[in-house]
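**Q** Structure incoming, see below.
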Amino acid sequence: MTELLNNNRLLGIDIGSTTAKVSFSQSGQIVFERYDRHLSHVSQKTLEMLEAARDLLSEAPFTVAISGSAGLGMAEASGLTFVQEVYSTAEIIKQLAPDTGAVVELGGEDAKVIFFEGGADARMNGSCAGGTGAFIDQMAA
């Protein structure tokens, strides 16, 4: 994962249960980012987001990594690197905010807490609380 983050040009794709996120960085600076609900049209929405970044992506070679609960299938189908989302979140937080004690991440189907004191340790809610993030998303819309 660290070798991915040290890459000069990195495309990150996170496909969750309800949203798709795409970011592109050059020399550690984010130069493109998109976040949108995919409404279960995962491939179509991801392609739309990548199309919006076409000019940046065509300039030179880059490294790609896919994450998220719905990202594994896309990574396998495309032959791209998959990075588990808790691991990727923990790694970037360690780099960008090393004094962080904990991070709470609400997804469409689950909630995760990553504790950083004494090494990274992650906890996830049980399936009976699934949809927590989707509920909050609906209330905010």
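**Q** Near GLY68, within a Cβ-to-Cβ distance under 9 Å, what is the net charge of the other residues, with Lys and Arg +1 and Asp and Glu -1? Working shown, then result.
**A** On the way: positive: LYS21; negative: ASP14, GLU85.
Its environment carries a net charge of -1.
**Q** How far is it, in nm, from the label point at TYR87 to the one at GLU117 when both lie 7 Å from their Cα along the line to the Cβ?
**A** Between TYR87 and GLU117, the label points sit 2.7 nm apart.
**Q** Read phi for every residue in the range 80-87 and hand back ³J(HN,Hα) as whole Hz from Karplus 6.51 cos²θ - 1.76 cosθ + 1.60, θ = phi - 60°, with x for Gly and Pro.
**A** For the range 80-87, the Karplus-derived couplings read 9, 5, 10, 10, 4, 5, 5, 5 Hz, x marking Gly and Pro.
**Q** At a Förster distance of 35 Å, what's the computed FRET efficiency of VAL104 paired with PHE62, Cβ-Cβ distance as r, to 0.05? It would help to have the intermediate numbers written out before the result.
**A** Working: r = 31 Å, r/R0 = 0.87.
Using R0 = 35 Å, I get an efficiency of 0.70.
**Q** Moving on to the next point. Using only the alpha carbons of the range 1-83, what is the convex hull's orientation-averaged projected area in square nanometres? Walk me through the numbers on the way to the answer.
**A** Details: hull surface 19.9 nm².
Averaged projected hull area, Cα only: 5.0 nm².
We did not get these values from a lab; they are worked out from the coordinates using the rules stated. From a predicted model like this one, the values you see are computed outputs, not experimental measurements. Positions of Cβ are generated from backbone atoms using ideal geometry, with glycine treated the same way; all protein chains shown enter the neighbour counts.
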